[in-house]
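Have a look at the structure below, then the notes.
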Amino acid sequence: MQSVRNAESVTGTIFPADLSVVAGGGVPVARSRQGSVHVEWRPSPSRFLALRGWHRDMRGLAMAAVGNDGVWAGGAVASGRGELRGLSLDASVRTARIGVVGNFALQRVQLAAIDSGYRPQHAATHTADVGVVAYPGASLAVRLGVHAAAGRRVTPVEGSLEWESCNLLDWGCEFAAGSLRRGGGLGTRAIPAYLRLDGGVRKHWHLRLAGAEVELGGYVTVSNLLGRRNVLTVVRDPVTGTERSITMRPRAPLAVGLEWRF
């Protein structure tokens, strides 16, 4: 099975629905080889450090993006190849009141088919994630998470596009597009690095109902506390030639709710 979704289509990024087909005939059969190395060090039960490295070689990939502007392949599917190399570093440390986990990854992804070679937009060169959880009290937890990505590339588009991701501040979503087509080569436009800070609080209470021990918890998680806008793609007006960035990820409550455990 392979997906013939065009992962480089901006519309396909907003509505990432796969369209899977059986390989064979006009769709290639994909094969890959991967080697990886993992080394870890645990000086104590509360400290952890790990280093991973990997290399993957892929052949027979269904490359819907080559020669296609649509969300899915509309005709013949190009057979392509890919190569992925990467390193990642994971670390964690914890005490009775606080815990910290972190990950940094460096990768290089290159896809090619026919005479087109490019770096896919989903593959950032540098990524970093750091999470902190603190316990001010036995029943209270405060969490902060930082996500950063740099070295991303997108395929610019030409036409009209308006986009606002779903959020509670605007009470909905916004999407409008017309006459969209590719405005440059695959993966040719570098976009700015992205940094996002998320936060959350959880409080729980222990109750006894009908002779049973019950835990009731309330939580709230807020995404993108700093209101940083992530660049989705770059759109060029075909008449004036002006370019503008399409942004996403506004500040928004992600989840508010109650948990009931017994």
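The values are calculated or read from the model by the stated rules, or taken from the named source; none is laboratory data. It should be emphasised that the depicted structure is a prediction, and the values quoted were computed from it without experimental measurement. We place every Cβ from the backbone using ideal geometry, glycine too, and count neighbours over all the protein chains shown.
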Number of positions in segment 61-88 that are within 27 Å of Leu106 (Cβ to Cβ) and either in a strand (DSSP E or B) or of a type in the set (Ser, Thr, Tyr) (or both): 11
Name the single residue that is farthest from the chain's Cα centre (by Cα) among those in segment 79-96 being surrounded by 16 or more Cβ atoms within 10 Å (Cβ to Cβ) and under 30 Å from Tyr118 (Cα atoms). Ser79
Does Val71 count as among the hydrophobic types (A, V, I, L, M, F, W, C) and under 21 Å from the mean Cα position of the chain (by Cα)? yes
Out of all the residues in segment 23-45, is one or more touching a residue at least 24 places away in the same chain (Cβ under 8 Å), farther than 21 Å from Ala149 by Cα, among the basic types (Lys, Arg) and surrounded by 17 or more Cβ atoms within 10 Å (Cβ to Cβ)? no
Criterion first (over 24 Å from Arg153 (Cβ atoms), surrounded by 12 or more Cβ atoms within 10 Å (Cβ to Cβ) and either of a type in the set (A, V, I, L, M, F, W, C) or at pLDDT 85 or above (or both)) does Val214 satisfy it? yes
